[in-house]
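Structure first, then comments.
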Amino acid sequence: MKLRMRRVLQLITLLLTWCCVPGVRADVFDHPLGTGNNVTAFSTLTTEVQRQERVTGAFTQTKYLQILDRPLVTRGSFSLSRANFEWRIESPFALSYQFAGQQLTRIADGAQQIVQPSAEPALYGFFSFFTSLFNLSQEQLENAFYVFFLPGTDTWELGLIPIQPQLAKAVQRLHITGSGSRIVHVKLTEASGDRTEMEFSYPDPQPPAP
Amino acid sequence: MKLKVLRLVAIVATVCSILLGLYTLPRLVVNSDILALFPAAQQSPDIDLAGNQLKARIERKVVFLLSSPTWEATRNAAPEFVQQLRQCSCFAAVNATPDSNTWMAIQQQYAGFAPALLTPVQREFLEQGGANDLVQRALRDLLTNPGVAVGDRLQRDPLGTAGEFLGQINPSPDGFSLDESGFIRVTRDNQDYLLVYAELADSPYSLALQQQAGAAIKAAKLAFSQVSGGGILHSGALFYAQAGTQQAQSEISTVGLGSMLGIIALLLVVFRSWGLLVLAFVPIVAGLALGLALCHWLFGQIHAVTLVFGASLVGVGQDYALHFFSLRQSSGPHWQPERGLRELLPALSLGVLISAAAYFSFSLAGFPGLTQVAVFSSVGLLAAYGVVVGVYPAILRRPSRNVSPAFLLTITGAYLDWFAARRRTCGPLVLGLSGVLVCAGLAQLGVNDDLRRMQTLDPDLVAMDRQLRQIIGQHTALQYFVVRADDDEALLQKLESLAIPLQVLQQQGLISQYQSLTRWLPSAASQNASRTIWRDTLINSGRMADFLNQLGVRPDVAAKLLEYYDAPPEQPLTLQQLWPHLQQLPDAPVWYSVDDRSYGVILLQGLTDPEALRSLADPDDGVFWVDKVAQINQLLRDYRIGASGLLIFAYLLTVLVLIWRYGWRGSLAIVAPPALATILTLSVMGWANQNLSIFNLMALVLLLGVGMDAALFMREGHAKPRQTLVAVGLCGISTVLSFGLLALSDTTAIHSFGLTLWLGITFCCLLAPLAMPRPPGIPMPTLKPAAPIQLQEVDTNVK
C-alpha cells in the first residue's frame, strides 16, 4: 500500500515538473523543418549565416557526466572561416585544435599532433560537425539529421536528431538556440544520458535578425 | 562395310565436337592474367598460400574515386552511384562508408584490455618514468575534450593508451576523413574525392562477371554524369581483365578474320570450288571446338594466350585439308579416295604426331598456361586430322573437275630449278660468307627474361591507376615477408622482433609503412609485460587514483575503475578471439595456419629498396622474403635455357625416329629445313635487335613440328615435286598468314611468338626442297614453264 502511494506521489511530482518547465510545451522538436512557415525562416537564416565570412567569439563549455560528481567546465575562444576552424581552450588547460582541409591538429605545449579520425572518432566528429553547423547548410544538415526549427521574434531554435544509427548510438539530440545569425547556446544530449552545454558570446555587433 | 562404319563414326564425332564447342562457348572463363601462365608453387606450398590469399583479396577489389567541383554535389550523387552498382549480383559488396559494425566489434574485443594493449613506444615511455606525463596528458585531454562519449572513454580507456594503440593499427592516410554522413572523403590538392570501394562476387576473369560488372559500372557512371564537372577514377584487376579480354577478342577476330580471308582467297584461287571452301573449315571448326571444350572441362578456365594461339590452329589444321585437296586435284580423273588417303597417310600421320609432340613439349616446360596451349593445339590438330582422314574420303569421292592453276606450277617449277641450280653451284665461299653473316646475327641476339616487358598493359588504365594511387597515397609493394612459426604466440613474438628493424628502415625512408598482425595483437608475453608496467607505474603508485580524483569521478565509480584496471582479465587477448572479426576487414592482416603451424604476412608500402628489406629474411628462422616478379623472371630465365636444351633434344630425337624410314641421310635431309630455318630466324632476330625469350623458344619448338610437316610432304611427294611444293607453299602461306598476324598482337609475348614463327615458316618453306632425295648424279627434275598438269604424274605414287 505504502509502495503504491509512493508511486502515485512520484507520478504527480513528475507531471508537475513537466508542466512547470518553461519551453517544454513549445518544444522545437514538435516542429520538423517543412511544417508551417519555418522553411522560409530557416532559409533566410542559413543565407544570413553563410554570408558571414568569419565568425569569432568566446565559449564556455560545461559537460555533465553521470560518473562525475561535478561538471567539467572549459573556457576559450573560437574562430571560424570557410576553410579553417580554430578552437582555443584557455582553461583549465591551454590547448587548441585546428580543423582545416578535413585534418584535425591538436596544439599543446607548442607541439602539434595530428588527430587520426580512427583514434579519436568522437573528437574528430565534433569538429567536422561544428564546421558544418556554423556554416549552416540545410542540405548538409538534412543529410545527417532530422531537422526541427522554431523561429521566434528575436531568437530561433534548431533541433537535430541523428539519422545515422552509428551517430544515434552516441548522440540522442542537439538543441541549438540562436539570435540573429549567431548561435548562442548548444545543448547536446548523449544517448548515455550525459550532456554538454555550450554558451557562445560574440564581441562584435549583432548582425540583423533574419 | 567396316570402313563405312568408321567413317560414319568420324562424321558423328565431328558433329558432336562442334556441338560440344558451341555448348562450351558461353560458359568460358577467360583469364588474361599473365601470371596465370606460370607455375604458382616455387617456394614451399605453405608459403605460396600467402600469395594465393593476397591475390584472391587484391584481384576482387575495385576502387572508385568520385569528384566534382563541390563536395556537396559529389556526395549527393554518390548514393545513386552506389545503388546502381549494388543492383548487380556481380558485386559482393559496394560501400562508400566504412564498415563501422566490424570496427565496433573489434573495439568490443579490445574493451577491458587497455593495460595489456600498450604500443612498444608507450611501454618504453612508462619504463622511462613517463607515467606522470601520461596522466597529465590524459587529464588535459579529458578535461578539454569537446567531443561526445567522454564518460565512456574515461571508463574504457582512461589514459588514452588504447586510442593510441588503435591509431597505430590503422593510421588514416593523409587527407582521409569522414564527412557528417559517414562518406569517406579524400582531399588532395584542394580537390575532394569520394571513395567508393567494392568487392567482386567472383573472379574478375569470369567473362559473365565482366559483362555484368561492365554494364553496372556503365549505368553508375551514367548516373554520376548528371553531376556537372563530375569525374570518376577507378582501379582494380577487373579493368585490366576487361581490357585483356577485349584485346584478346579483338586479336582473335583480327587473326581469325585475316587468316580466314587469306585462306578463302587461297582456296578459291587454287581449287576454284565453293564446296571445298566450306569443307576446308570443317577440320578447323571441329579442332577449335574440341580444344575449347576440353580446356574448359580440364582447367575450368581458359587463358587468353591459349585462345589467341588456338585461333592460329587455323593455319596448321588447314594443312591437312590442303594436302588432301591438292592430291585430289593433281590426281585428276584417276582419283580414288582410299588410294589417295593411303598415299597421304604416312606424311600426314607422322606430321600430326610430330606436331602434337612438339605442342606437348610445352607441358614438359612446366608452364600451366602453356600446358593449356599444348592440350588445345594437340587436341585441335588431332581432331582436324580425324576429320581429314575420316570424313573427307567419305565426302570427296568424285575426282576434282578443276586442275591446278598453271601459274602456280610454273612458279614452283622455276623455284625448284633455281634451288637445284644453287644447290649444285653453291661453293664454299658463298657458304662461308653466309655462315659468317648468320653467326654475326646470332652473336647480336640478346635475351629478355623480364615479365614486365612481356605484358603490355592498357596505358590509359595504367595512367589512371597511378593517378588514383597518388590521391589515395597507398601503394602496397608486390614483395612481402611470410613469417612461419610453430604456434600463434611464437608467430606474434617473431613478428614483434621483426617490427624493430622494420621501424628503423621506415625511419630511413626505405619503406613508408608496413602492415603486420602484431600491430593488431601483441603477443601474450608482450601483453603481460604491458600489464606489469601498467600496474607498477599507474595503479600501485596511486597515480590512477589521483587522476580519477582530479577529474571528479564519483567515489563508487572510481573504486570500481581502480579495481577493474588493477585486476584485468588474467587471460591475454588471443588471436582466436580477435580473428573472426578481424578477417572481415577489407585490409585485414594476412594470417593462416597449415598443419598446426601459424603463418603471418608483413606487407610493405612505399618500398624503395627491395634488397635492403630482403636482408631481413632468414628462412632457417621461418622468415621468408617473397618477390613473385623476381621469382618469375628467374623462372623465365631457367625455362628459356631449359627450352633451348629441349629444342636441341627434340631435333636429335626426330632425326633418330626418322632414320628407321628414311635412313640417316634422309633423316638429316628432312630435319634440315626446320633446323636451318631456326638458325636463320635467330640470326635475323639478332640483326633486328630482338631479344630472345621463352616465347621465341616455344615458337621455335612449334616450328620444328610445322616445318617437319612441310619437309615430310616434300620427301614423300618428291615424285610430283611441283604439286607437292604448291601444297607445301599453300600450307606455308596460310600458316604465315595466321602466325604473321600474331606478330601484330599488343602483348609482347604473343608478338614475339608470332614474329618468330612468321620468319621461321617462311624460311622453312623456302628451304623445303632440301628434304627431297637427290640421287647422286641425277639433277633435280626440270619442267617446262607453264606446263599444264601432267596426268602421268598422278600414277607415280610414293614408293
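Among B:TYR514, B:TYR564, sorting on how many other beta-carbon atoms sit within 10 Å of each Cβ, with the fewest leading, yields B:TYR564, B:TYR514.
For the range B:37-157, a Kirkwood radius taken over Cα pairs fed into Stokes-Einstein (25 °C, viscosity 0.890 mPa s) yields D = 122 µm²/s. Here r is the Cβ-Cβ distance between B:LEU431 and B:ASN76 and R0 is 56 Å; the resulting FRET efficiency, rounded to 0.05, is 0.10. If you bin all the Cα-Cα distances of chain B at 10 Å, starting from zero, the percentages per bin are 2, 11, 18, 18, 15, 11, 9, 7, 4, 3, 1, 0, 0.
A crude spin-label estimate for the pair B:LYS55 and B:ALA265, with each label 7 Å from Cα along the Cβ direction, gives 4.2 nm. Each part reduced to its alpha carbon centroid, the range B:462-521 and the range B:657-731 end up 53 Å apart.
The GluC sites (Glu not before Pro) of the range B:533-625 that DSSP puts in a loop, and whose beta carbon has at most 13 other beta carbons within 10 Å, are B:GLU570. Candidate cross-link partners of B:LYS55 among the aspartates and glutamates, defined by an alpha-carbon separation under 20 Å and a same-chain spacing of 8 or more, comprise B:ASP33, B:ASP46, B:GLU199, B:ASP202, B:ASP465, B:ASP587, B:ASP627. Taking 7 Å steps out from each Cα toward its Cβ at B:LEU345 and B:LYS221 produces label points 5.9 nm apart. Counting other Cβ atoms within 10 Å as a rough exposure proxy, the listed residues B:PHE713, A:PHE78, B:PHE360 run B:PHE360, A:PHE78, B:PHE713 from fewest neighbours to most. Enter the Cα centre distance for the pair the range A:169-200 and the range B:276-300, rounded to the nearest angstrom. A separation of 74 Å, based on Cα centres. In terms of other Cβ atoms within 10 Å, A:THR131, A:THR44, A:THR153 run from fewest to most in the order A:THR153, A:THR44, A:THR131. Let's test the formula: R0 of 30 Å, r as the Cβ-Cβ distance of B:ASP587 and B:ALA529. What FRET efficiency results, to the nearest 0.05? Computed FRET efficiency for B:ASP587 and B:ALA529: 0.60.
For B:GLN336 and B:VAL5, the difference between the fully extended length at 0.36 nm per residue and the C-alpha to C-alpha distance is 117.3 nm.
With the simple spin-label model, which puts each label point 7 Å out from Cα in the Cβ direction, the B:ASP556 to A:ARG88 separation comes to 4.3 nm. Using the alpha carbons alone, the radius of gyration of the protein assembly as shown stands to its Kirkwood radius in an Rg to Rh ratio of 1.15.
Of the peptides B:278-284, B:182-188, the order by per-residue mean of other Cβ atoms within 10 Å, starting with the highest, comes out as B:278-284, B:182-188.
Compared with the alpha-carbon gap, the fully stretched path from A:SER81 to A:SER201 is longer by 41.5 nm at 0.36 nm per residue.
Computed extension gain for B:LEU19 through B:ALA719, at 0.36 nm per residue and net of the alpha carbon distance, reaches 247.9 nm. Expressed as a whole percent, the proportion of Cα-Cα pairs in the range B:396-553 lying more than 24 Å apart is 75%. Take B:260-270, B:691-701, B:528-538 and order them by the average number of nearby Cβ atoms within 10 Å per residue, most first; the result is B:691-701, B:528-538, B:260-270. Show log10 I(q)/I(0) for the range B:510-640 at q = 0.13, 0.18, 0.23 Å⁻¹, two decimals, from a solvent-free Debye sum over equal Cα scatterers. Cα-only, vacuum Debye calculation for the range B:510-640: -0.82, -1.11, -1.35. For peptide A:121-129, the mean count of partner chain Cβ atoms within 10 Å of a residue's Cβ comes to 6. Taking the 0 to 90 degree range and rounding to the nearest ten, how far is the long axis of helix B:428-443 tilted relative to the main principal axis of chain B, both from C-alpha atoms? Taking Cα atoms only, the helix is inclined about 10 degrees.
Strictly greater than 25 Å: what percent of every Cα pair in the range A:27-199 meets that? Of all Cα-Cα distances in the range A:27-199, 33 percent exceed 25 Å. Restricting the calculation to Cα atoms, the range B:95-183 shows an Rg/Rh of 0.99 when the hydrodynamic-style radius is the Kirkwood one. Measuring r between the beta carbons of B:GLN631 and B:CYS439 and using R0 = 30 Å, the FRET efficiency lands at 0.30. Assign one of three labels to the range A:37-95, namely rounded, prolate or oblate, based on the Cα gyration tensor with a ≥ b ≥ c the square roots of its eigenvalues; rounded applies when a/c is under 1.5, prolate when it is not and a/b is larger than b/c, and oblate otherwise. Here the range A:37-95 falls in the oblate category.
Rule-based calculations on the coordinates, nothing more; no lab input. These numbers were taken from a predicted model, which means no experiment stands behind them. Note that each Cβ is placed from the backbone with ideal geometry, even for glycine, and that neighbours are counted across all protein chains shown.
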